[in-house]
Structure formats: C-alpha cells, structure tokens
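Report on the following structure.
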C-alpha cells in the first residue's frame, strides 16, 4: 500500500493517492544534451513537512492535470461552455474543472466508443469493426478526434462526462535515496511526444512535468511502495540492467549503498547516443572511481553502423554475469515492458544455457528459481 495511508479523517492523516502532498519543485535539469532526439529531465521535489518516507525501488505517484490546451480543444469540439454544471462522485463541479483535473480526456476506450456511439446514433460504425480494427482506431484517435469525426450538437455535459474514465495518477521510479537526499524525491522524466492528425500531442503527466511545471511549482504527490524491487542485504552483489529512464532506481540504489555500504555493483545501461543521452554520466563515473559501482557496461544503439542494446552487452559479458549469479548476485531489470524486458530475459536465458551447458528449459528454470528467491526483480512498464 502507499506509504502513509492513514485514514483520511484522522487529523494527522498521512499522504496517499486520495490525499497527496503538495510538493515544491526545487530543481529541474535537462539531462539530455544538445542534438538529442529525446529530452530527458531530472526533477527534484521537496517532501519537507510531509512525513513521507520511501525506500530505494519505490515510486512517486504524481497526480497529474490535463493539458489546458487539450481541455479547450475538447470543449470547442463539443461546443459546450466550460462553466456547464456537472456532478462528479456526488460533488458539484463544472465541466471544465472535471475535464482538467478528474477525467481522462485524451486516450479513448472501448467503453467510450460504445457510449459515444449510443449518444450520436453512430454505434453501428464501431460495431462493424472487428477487435483489431477497433484497437487500431483507438490508437489513431483521441477522444477529441472522435468527437470531431462524429459531432453531436447540444450533447448533455453530464451524459458526455459519464462516458469518460477517471484520470489516474502516474507513477515514476524514484531516482534518489533518503540517506543521500533527506526530505527530497528525485524523478527522471522523458516526455512522450507524437503527432496525431497533424497535431502535436504529449503524455498527460510527462507533458505537464516537461512543459508546465517550473522550479517553485507545487505538484500533488504520494509514495507508492514497490516491495518487489528492493536492494538485497548488505554485502550481496547486484547486477542492474536498464535503458533510458529505467536507470532511475539504480541511482537510488547507489546513493543508498554509498551512504550505508554494500557489495559489488554492476550496471548495464542503454540509450541512443553517448554524447547526448548518457544519463547521470558524471555520477556513474564518480561511483566507479570510489568503488560504489564495480563495473559498468553501456550500449548506445545509434552510435554505430549496427544497433547495439543492453542485451548484446549481457551476451558479451556472459561468463562474468553467470559467475556473479553463481556467487549470489541479485538481478534487476527496469524499463520498457514491450521490448527491453523480453529481450533481456531472452539474453539471460541464452547466456545461462551457454555458460552452464544446460538446455533452454533448465536455464528458464534457473531464472524462475531466482525470481522465487527474490533475486531476479523487474520493474517494467
């Protein structure tokens, strides 16, 4: 459960999803260099006075607001005033306020398709699509695009809002340790940006943090515990594998180990370009110099003729990776669930099979045993 999840009625109520803490942004640094095809930002928030605490591996819940431009575009497409009255969870509010703070206004769902189809009488259009076509349609159209394509004059604001799902907080791996940064939580954010119908779109939370949150801004946050992504007892070796912002919790791990001591640590990190995308480069190098980090292998996928990823580095270092595992190392994978996690898992299976001279099934079983023992932990999204 989120840290500090005391009953909301208690006078000293802890901060959680329903009662987030207003944290002040105290630092915001662009990590990616000039010419990078990505923009990655390091954001530091003050938790002073919150009573919140966390462990390395935990996440920061960020209670996002929708982009005012997206809300405005939706109101214009609906031809409704923002001041239109609305009831949400039994409370009176306005359509604009609900769209800004409480409802998901970008990504459409199958439920919204059915809802809008029923309201506009175009349900047969969506019903005629098979599941693959519906998925493709939802991928290519936000709520505003559907409202523009199938307009409805004089729609009742309440009936429209009833088809939208609640706006969910977004979770970011915490990139700091309280041992090193008391009363602070750091996060690493790469804003999601893309074009749809020739218009720029961005991720709800990542766009807000990148474009509309400045130093001294106050944002509502809480701690989301992640008990399945934890440092082992002191002295145990760790192998950390991550790409892009998936490196965030490893910064927390090494800050913690620098403060409290720990065993050997090996980092595998991947990104696009060495010159512009080597996130936290000076910190890793400092930890290598002082021994907090024992080894580091990096893969910059777009710097050479051949694309090179962390799984290739794992295979290159197969003998030593296997030796570390045999010596009790804990293995961590953080990053993209669609590509990184399966590719890294496949590389681990292959290198164990090769180094231990066993069948693929046995190598899979070896990793399952590590998972059962809490020695193979993944934080993937």
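Residues in segment 1-21 that are loosely packed, with under 15 Cβ neighbours inside 10 Å and either closer than 23 Å to residue 284 by Cβ or at pLDDT 85 or above (or both): 18 only.
This table checks each residue for (1) buried (at least 19 other Cβ atoms within 10 Å of the Cβ); (2) in contact with a helix residue (DSSP H, G or I) (Cβ under 8 Å, 6 or more places away or on another chain).
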site: 97; (1), (2): no, no
site: 108; (1), (2): yes, yes
site: 113; (1), (2): yes, yes
site: 121; (1), (2): no, no
site: 128; (1), (2): no, no
site: 141; (1), (2): no, yes
site: 147; (1), (2): yes, yes
site: 156; (1), (2): no, no
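Can you pull out the residues in segment 130-139 that are exposed (fewer than 14 other Cβ atoms within 10 Å of the Cβ) and assigned to a helix (DSSP H, G or I)?
If we filter segment 130-139 for residues that are exposed (fewer than 14 other Cβ atoms within 10 Å of the Cβ), which is where we start, we get 130-133, 135-136, 139.
Listed by number, the residues that qualify are 131, 132, 133, 135, 136, 139.
Across segment 328-381, what is the total count of residues that are free of Cβ contacts under 8 Å to residues at least 40 places away in the same chain and at positive phi? Count: 1.
If you take the residues of segment 220-235 that are in contact (Cβ under 8 Å) with a residue 24 or more places away in the chain and more than 17 Å from the chain's Cα centre (by Cα), which of them is farthest from residue 183 (Cα to Cα)? Taking the candidates together, the pick is 235.
For residue 203, state whether it is without any contact (Cβ under 8 Å) to a residue 60 or more places away in the chain, buried (at least 19 other Cβ atoms within 10 Å of the Cβ) and under 20 Å from the mean Cα position of the chain (by Cα). Criteria met by residue 203.
Inspect all residues belonging to segment 242-253 and state whether any of them is in a strand (DSSP E or B) and either at pLDDT below 95 or farther than 30 Å from residue 65 by Cβ (or both). Yes.
Within segment 28-38, identify whether any single residue is outside any loop (DSSP other than H, G, I, E, B), at pLDDT below 95 and under 20 Å from the mean Cα position of the chain (by Cα), and answer yes or no. Checking segment 28-38: at least one residue is outside any loop (DSSP other than H, G, I, E, B), at pLDDT below 95 and under 20 Å from the mean Cα position of the chain (by Cα).
Can you give me the number of residues within segment 335-360 that are in contact with a helix residue (DSSP H, G or I) (Cβ under 9 Å, 6 or more places away or on another chain) and either in a helix (DSSP H, G or I) or within 30 Å of residue 189 (Cα to Cα) (or both)?
18
The values are calculated or read from the model by the stated rules, or taken from the named source; none is laboratory data. A quick note: this is a predicted structure, and the numbers were derived from the prediction, not measured. All Cβ positions, even for glycine, are placed from backbone atoms using ideal geometry, and neighbour counts span all protein chains on display.
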